[in-house]
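Here is the structure we will look at.
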Amino acid sequence: MGSSARMDNKKSNILNSLNLDQALRMAKRKSDEGFTNESKIICENILEKFPQNNRARKLLKLLYAGITQKTTQTIEPSKDQLDAIIAIYNGGKLQETAHQAELLLQQFPNSIILYNIQGAANSGLKKFEVAINSFKKALKINPNYAEAHKNLGATLKESGDLDAALESYERALKIKPDYAEVYYNIGNIYKDKRETNEAIKNYKLALKIKPNYAEAYNNIGTIHEENDDWVEAISSFETAIKIRSNFYEAYNNLGNACLAKGDLEAASYNLHLAIEIKPDYADAHSNLGNILREQGQFNKAIESYKKALKLEPRHFKAYNNLGVSLKKNGSLDEAIESYKQALKIKPDYEEALCNIGNAFKNKMDLDGALQSYQKALRVNPYHAQAYNNIGVVFKEKGEFAPAIESYEKALKIKPNYADAYNNLGVILMESGELETAIKNLKRAVNIRPAFAEAHNNLAAAQLLNEDLISA
């Protein structure tokens, strides 16, 4: 109560020593200098005596919104100037955008919009430190600029600082709780951190605000795809496409999901649609190669991968897929070189580490294969395929117990892993545990109905079991 009394006394004294114009100038100066509480007191004192004074009312409103008078001066470029620089940015001319922003900031050194645009351009140019500095300048001028918090978060994510990115996104949400794009971006961070439940939760929060958010449906689909939940994955991708008919990434992902499900016709159809929309889409050309490979058309598959690499020379997935087709085509040494190219571009590429391990296994270099699989697990301790492949190596060595343990670890990580169920079924069949073998082989064919090898193994296990019962 004493504090309030002192404040009231201070307020009552302001206009005793200053006239109205002097008081307004003092309020503005205090605001400019960052003394917002003192500026508020002066404005409140003015409005007690002059309730209709627009200058005091406007300044007080801005102060309570967290915006200083300094930010409300004529500090932004004209609409034409802003439209021009935004058009340059939207045209993909990031270097020119950054340069024009720098020139305009010489005229408008307190423009939060220009700092935001400058930051976005430099972020796109991968100049992360410069971009972060620009966003921070915008936020120093106006800490309640939600878009700058969002863009800062996106840049921090791109630079690899996921925790700091989350903090920036949370600040943006405190200012703007219905910011769908921020929930979407938070979902992407949790997706990268492999916290899929949190990722889906945030994508759904984005969809609650923005029901036609096609990108959110697409990313939910990719999570279901990674979990081998093809029905949910396909449904999510199809919803994304219904919302945005030219969404070539969703067509590509839908094609992959159909391929994994064994529907090659639907997979090919959707990948061709992705290429029709975007002919230079390297991912779709690479994935089309996967379909051709599944159809046994290895030479055509190799052509697709090479086309993808021509479009995008550092497409590590295309190098990896090219290696798989070369291996299937009998060119094992060329396959290994292709995997090495993938790993040269992305040393922690788990799939290429597994595939080069497979190639070593084919050359009967079991120790080399095991080392490659273990490298994949160091990159990602939850890599189900690596555990499955380690199980195959132990089986080749005749060490059934660690092989079974590895298959079970793979299945604990990926409960719908048809290959691991098949491999576990085979080793159990060879160990004489026919009923358990049949159970696992049935799981494999239920998950992937077109899995010919698992069907054959199931038939063999059932025949052996019938013979055993008959005997």
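The values are calculated or read from the model by the stated rules, or taken from the named source; none is laboratory data. Only a predicted model underlies this, so the values are computations on that prediction, with no experimental measurement involved. As a convention, Cβ positions derive from the backbone with ideal geometry for all residues, glycine included, and neighbour counts pool all protein chains shown. Remember, those area values only see protein heavy atoms, side chains included, never the ligands or the DNA or RNA. Shrake-Rupley method; radii C 1.70, N 1.55, O 1.52, S 1.80 Å.
Points worth noting:
- A Förster distance of 56 Å, applied to the separation of the beta-carbon atoms of residue 277 and residue 52, puts the FRET efficiency at 0.40.
- Counting only heavy atoms of the protein chains and using a 1.4 Å probe, residue 47 has close to 40 Å² of accessible surface.
- Contour minus Cα-Cα distance for residue 99 and residue 204 (0.36 nm per residue): 34.0 nm
- Cβ-Cβ FRET estimate between residue 365 and residue 229, R0 fixed at 45 Å, reported to 0.05: 0.80
- Placing a label point 7 Å from the Cα of residue 194 along the Cα-to-Cβ direction, the residues of the stretch 142-162 with a backbone N closer than 19 Å are 160-162.
- Summed over qualifying helices (DSSP H, 4 residues or more, each -39500 (n - 2.57)) and divided by its residue number, the chain shows a 222 nm mean residue ellipticity of -25500 deg cm²/dmol.
- Theoretical FRET efficiency, 1/(1+(r/R0)^6), r = Cβ-Cβ of residue 450 and residue 328, R0 25 Å, to 0.05: 0.90
- Using bins of 10 Å that start at zero, the share of Cα-Cα pairs per bin across the chain amounts to 4, 14, 21, 21, 14, 9, 7, 6, 3, 1, 0, 0, in whole %.
- Pair residue 76, residue 345: separation of 7 Å Cα→Cβ label points (nm): 4.2
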